[in-house]
Structure formats: structure tokens, C-alpha cells
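Reviewing the structure listed below.
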Amino acid sequence: MSKQTYRVCFCFQKRFRLAVSEAPEDIKKLFEQHSENGIMTIDGLQRFLVEVQKEDKATREDAQKIIDIVKHFHRKGVNLEAFFKYLFGDINPPLASLGVHHDMSAPLSHYFIYTGHNSYLTGNQLSSECSDVPIINALKRGVRVIELDIWPNSTKDDVDVLHGGTLTTPVELIKCLRSIKEYAFVASEYPVVITLEDHLTPNLQAKVAEMVTQTFGEILFSPGPECFKEFPCPESLKRRIIISTKPPKEYLEAKEVKDKEDDSQRGKASDEEAWGNEVPDLKGSHVANYKNDLDEEDEEDTDDGDKSQHSLAPEYKHLIGILARKPKGGLDAWLRVDPDKVTRLSMSEQKFEKAVVTHGKQIVRFTRRNVLRVYPKSTRFDSSNYNPLIGWMHGVQMVAFNMQGHGRSLWLMHGMFKANGGCGYVKKPDFLLNTEEVFDPKIKLPVKTTLKVTVYMGEGWYYDFHHTHFDAYSPPDFYSRVGIAGVPADSVMKKTKILEDNWLPSWNEVFEFPLTVPELALLRIEVHEYDMSEKDDFGGQTCLPISELRSGIRAVPLYSRKGEKYNSVKLLMRFEFI
């Protein structure tokens with residue numbers, strides 16, 4: 001089609017000429033510089049790969065493969081059309097295809113780990129269904145930490161997974177465990193950690209131990225005493241399932257008297273008041289109960305130490321591969337580093353944000369050896385998320401996210417874990433592991449490198465969207481937003497001009513981003529369609545780890561709000577480190 005018709009009113013139609021995808025002027029000039037008589041030969045293409053694409057090891061064979069893929073009739077080279085096809089094609093992605101290339105032989109505490117929160121929820125935190133489907137979806141994406149809240153079922157003879165104190169409908173624990181076993185290593189061979197939030201009686205703990213042991217068999221990691229002195233490495237734990245929980249307290253009914261005593265001393269709501277009765281009895285009171293105590297892990301926040309192990313079913317206790325603890329005494333006690341013992345600490349988003357102000361360096365020191373998990377604040381009823389960089393820049397390994405949600409924070413999470421072959425484990429930068437000097441993200445450091453980004457053009461919306469999706473009366477008016485998510489000194493967003501009535505926007509704009517901590521930086525890319533009377537329409541997004549960004553001219557595929565890759569939508573961009 002060369003023209004497109006839009007209905008303006010009952011008796012009037014307006015026709016717009018559709019542009020044809022054409023190489024930008026910069027691309028034409030580069031083609032001319034590396035070609036002769038309108039043909040880029042194998043040698044010319046190899047020179048282009050080395051000089052412009054910065055692929056220093058590119059060979060004539062590499063150039064020949066590209067020529068063969070674009071399938072142009074010139075067997076010894078490509079014309080401008082075929083060259084443009086290569087640049088804008090799937091064979092020219094923005095990230096290096098390196099597979100798993102980080103050192104995977106360090107302790108688990110040396111890695112950022114792709115972590116889910118309330119992994120069983122299909123939607124909001126208050127009334128959505130609990131299911132194994134979101135767990136399966138998370139594992140397929142490469143998520144390595146799955147959270148399960150386990151409760152007695154209505155007859156108290158079996159175990160359900162549900163969000164306590166809400167109207168979420170339960171799913172059987174055994175169903176979740178079987179799905180984890182089936183899909184754990186579809187996206188990555190590296191270990192899957194199951195964090196259990198336990199609300200069980202000792203006899204049901206024993207039942208869980210039996211379920212876990214029978215379901216996972218030999219792939220279940222059985223910890224030895226050495227695991228509590230230093231965490232094992234991901235390489236040694238390939239295709240293993242690790243259970244992480246704190247030694248649970250006795251169930252409420254078994255220690256009712258003690259709870260009353262403690263409550264009189266602590267001056268805070270009992271667990272029963274905080275959580276409500278068993279789920280079938282909650283009904284209309286779920287929101288009130290939820291707001292009274294809010295954080296679903298507050299029960300973990302009142303850990304009473306090793307004494308709690310006395311009530312633990314021994315079979316269950318021996319399954320715990322990563323021990324979670326939170327000693328009494330506040331932040332100083334929580335963040336104290338024990339040279340003879342490692343642990344996992346959990347903290348809500350709100351508590352963590354306060355802690356980084358007063359204990360920022362202590363957190364960085366703690367996370368060198370120990371694992372810290374930060375989870376969303378409880379008022380995020382809609383399953384939204386927070387800024388993950390706050391955790392990462394302080395060395396937090398498990399920045400736990402509602403993977404069933406969507407939004408910019410989750411796009412950053414997806415972007416970070418595109419690194420290291422998408423295996424779900426990303427080695428922390430050395431400065432977060434340095435024992436001599438503690439990294440402080442609030443201090444502005446010298447610029448290490450500057451990323452120069454050229455946004456040439458975009459295409460694909462015409463094929464992936466209905467022609468009236470963005471505007472009922474004309475083609476879309478696209479603009480791009482490009483920026484950095486990272487430490488405060490590096491974080492910024494910039495915007496291209498708006499191009500009116502064009503399915504093939506050609507911006508040809510250049511932006512420069514000075515980076516003080518490129519190791520923690522993500523390149524944010526969004527496309528929106530300008531709407532004068534309403535909120536701008538969404539046209540695609542992606543986030544790319546700067547550490548693995550390929551220099552040169554690249555085809556950048558865009559994703560939907562939910563993180564699903566569009567079939568055709570992509571941008572042509574150039575990345576240069578200057």
C-alpha cells in the first residue's frame with residue numbers, strides 16, 4: 001500500500017501517503033565510504049564491522065555470513081538496500097551474544113539474582129487467584145527466586161499457597177512444587193531458590209518436608225554445615241533447587257500464652273490480629289486486616305532467633321539451604337557481619353529506603369558475605385514495584401518484584417537480567433565486593449565513559465498495530481524517550497522531537513550520557529505517540545544493560561508494557577563510547 005485512508009466524518013475521508021523505509025543519510029554515507037561502484041564487497045563489509053561496529057575480531061568469513069543471510073543477488077557483496085536490511089535485521093542485535101560469561105565460581109552473595117515476590121499471584125495482592133501459572137511464566141523468563149506463602153488448608157490436613165489476610169484464592173502447594181520442578185531449568189541451568197514464608201504447624205511442616213523431598217529428589221540441595229559459613233557458588237549448584245526460609249516459630253495455636261506475654265511487652269498487634277483468622281473466615285474484613293499490619297513478611301521481622309528451632313520438624317529443618325534470620329536489636333544488629341556464619345535478611349521496601357539513609361555503608365558491607373532480600377511495600381495492592389537500582393547500588397542480591405505486574409520498574413528488572421546470557425545471575429561489580437573501600441552511591445564520582453546514542457528511525461508499528469490504534473483520524477505522531485537508569489548522578493531521560501503523521505518516524509537525533517558508574521547503568525528506551533487531548537499512547541520499550549551494549553549501528557527490538565517482544569517494532573540506533 002502506498003496510501004492509507006482515515007475517516008474524518010461521515011462524508012469525508014483523508015488519505016495519507018505511506019513512507020517507504022529508507023536508509024538514513026548517515027547510513028548512506030557509511031555505505032559509500034566502505035563500498036565501490038554501489039557494492040560493498042566482503043572486504044568492505046569486514047572493514048565496516050571492525051571500524052564502525054567495533055567488532056575487532058570480525059573476519060572475512062563473518063562478512064560472508066552476513067552477505068549470505070541478506071541473500072542479495074551479488075554473491076561477492078551487498079548493495080545499499082541489502083546493507084540496510086542487514087543493519088535493521090534480527091541478525092544485528094544491540095546486546096552481545098556471549099552466553100553465560102561472568103565468573104560463576106564466587107559465593108551466591110556475589111551476584112544479583114532475578115527474584116520474584118508472591119510468585120503465585122495472578123494479579124493484585126488482595127483478591128486475585130493463586131496459581132502455578134505465574135510461577136511457570138516467571139521461570140520461563142529466567143527468574144531464579146520463587147516465593148511461596150504456605151498455610152494450612154481449610155481442613156488443616158494439607159498445605160495451600162495463598163497471600164494470608166486477603167481474599168486471594170488458594171492453590172495447592174504440591175501443584176506449585178511440581179510446576180517448579182518441570183520448568184525450573186527451561187531458561188537457565190543455574191539454581192532456583194524457593195523462599196518459603198511459613199505459617200504451619202509442626203506436623204504440616206513435616207508434611208512439607210516429605211512433599212519437597214519426594215518432588216525434587218536428587219536435585220534438591222542438601223546443605224552441609226559449611227553452607228552456613230559461606231554460601232556455595234552458582235556453578236556448583238547447577239540444576240539444583242534450594243530451600244530458603246527462617247527456622248519458623250511455633251504455630252499460633254501452640255503458643256497462644258507466649259504470644260500474649262510477648263504482646264504485652266512489645267506493645268504491638270499479635271499475629272492473629274495482624275493476619276486475621278484462617279482464610280475461609282476472613283470475608284469482608286480482608287482490607288482492614290491487610291492495612292493494620294500490611295507487610296506480609298512482618299512476621300519474619302519479629303524473628304526470635306535460634307530458640308524457634310525447637311518447634312521445627314527435624315525433616316523440615318534439614319532442608320533449609322539458605323537460612324533466613326533477623327535478630328532482635330534493630331538495624332545495627334540485623335546488619336552485623338558474623339565472620340563465622342552467613343544468613344539471609346529480608347527487609348521491606350520502606351524499611352530499606354530508610355536504612356540506606358542511616359546505614360548505607362553497613363548494608364554494602366553486609367551484602368559482601370550475606371544475602372539481603374528487599375520486597376515491595378504492602379500498599380502496592382496493584383502489584384506495582386519500586387526502583388530496583390536503590391537495592392542494586394547497595395549490593396542487594398534479591399530485589400524481589402511482582403513479576404505479574406508491569407511498568408517502568410519491572411522493565412528495568414527485565415533489562416538488568418538480560419545480562420550474562422539471561423541466566424538469572426549477574427555478578428556484582430567489584431566495587432561492591434571491595435573489602436578495603438566501601439562504595440557510596442551518593443558520592444558523585446568522576447565520569448568513566450560517555451555513551452553517545454543516535455536515534456535514527458523506527459519501524460514495525462504499521463504491521464503490529466491496527467491503523468487506528470494510535471489515532472482514529474491520522475497516522476501516529478511518534479517520539480522517543482532515551483535515558484539512563486543508574487546511580488543518581490547518571491540517571492536522566494531525554495526526548496526526541498515529535499514527528500507527525502508518520503508510521504516510519506525518522507528522528508536522526510543524537511544524545512550524550514556521561515556515566516560515572518557504567519557497571520550499574522541501564523539504557524532506557526521508550527516510544528510514545530503524542531496525543532494532544534489525552535494521555536500519550538504507548539508505542540514500545542526496552543532496557544539494555546550498558547555493560548553488554550554493542551558499539552555500532554544496531555537494530556533494537558521493542559517490547560510491550562508486559563515485557564513481550566513485538567513481532568516487527570524496532571528502532572535503528574547507534575551506540576558509541578567516547
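Here are some notes:
- Portion, in percent, of the accessible area of segment 16-92 that falls on carbon or sulfur, probe 1.4 Å: 50
- Cross-link pairs Lys238/Lys317; Lys377/Lys428; Lys140/Lys452; Lys361/Lys448; Lys326/Lys377; Lys442/Lys565 - those with Cα-Cα distance over 29 Å: Lys140/Lys452; Lys442/Lys565
- Subtracting the Cα-Cα distance of Phe381 and Lys71 from their residue separation scaled by 0.36 nm leaves 106.4 nm.
- Nonlocal amide H pairs with Phe538, under 5 Å, H built at 1.01 Å: Glu529
- Most tightly packed first, judged by the mean number of other beta-carbon atoms within 10 Å of their residues, the peptides 410-418, 461-469, 435-443 read 410-418, 461-469, 435-443.
- Tensor-based shape of segment 127-222 (alpha-carbon gyration tensor, a/c under 1.5 rounded, otherwise prolate or oblate): oblate
- Length gained when the stretch Ile498-Lys175 is fully extended (0.36 nm per residue, less Cα-Cα span): 111.3 nm
- Taking other residues whose beta carbon is less than 11 angstrom from the beta carbon of Val145, and scoring Lys, Arg as +1 and Asp, Glu as -1, yields +2.
- The residues neighbouring Val357, those whose beta-carbon lies less than 13 Å from its own, together hold a net charge of +2 under the Lys/Arg +1, Asp/Glu -1 convention.
- Relative to one another, the C-alpha centroids of segment 415-433 and segment 464-521 are positioned 26 Å apart.
- Each Cα pair under 8 Å and six or more residues apart adds its sequence gap; the mean of these over the residue count of segment 16-92 is a relative contact order of 29 percent.
- For segment 322-379, with all protein chains in place and a probe radius of 1.4 Å, 53% of the accessible heavy-atom surface sits on carbon or sulfur.
- Amide H contacts of Glu55 (H built 1.01 Å from N, under 5 Å, at least 5 apart or other chain): Val50
- Segment 66-108 versus segment 164-235: alpha-carbon centroid distance in Å: 39
- Listed peptides 385-394, 83-92 by packing density, highest first (mean Cβ within 10 Å): 385-394, 83-92
- Projected label points at Lys444 and Glu315, each 7 Å from Cα along the beta carbon direction, are separated by 6.1 nanometres.
- Maximal additional length on extending the Glu189-Lys354 stretch stands at 55.8 nm, based on 0.36 nm per residue less the C-alpha distance.
The values are calculated or read from the model by the stated rules, or taken from the named source; none is laboratory data. Not measured: the values here are computed from a predicted model. Neighbour counts run over all protein chains shown; Cβ positions are idealised from the backbone, glycine included. Areas reflect the complete protein model, heavy atoms only, side chains present, ligands, DNA and RNA absent. Shrake-Rupley method; radii C 1.70, N 1.55, O 1.52, S 1.80 Å.
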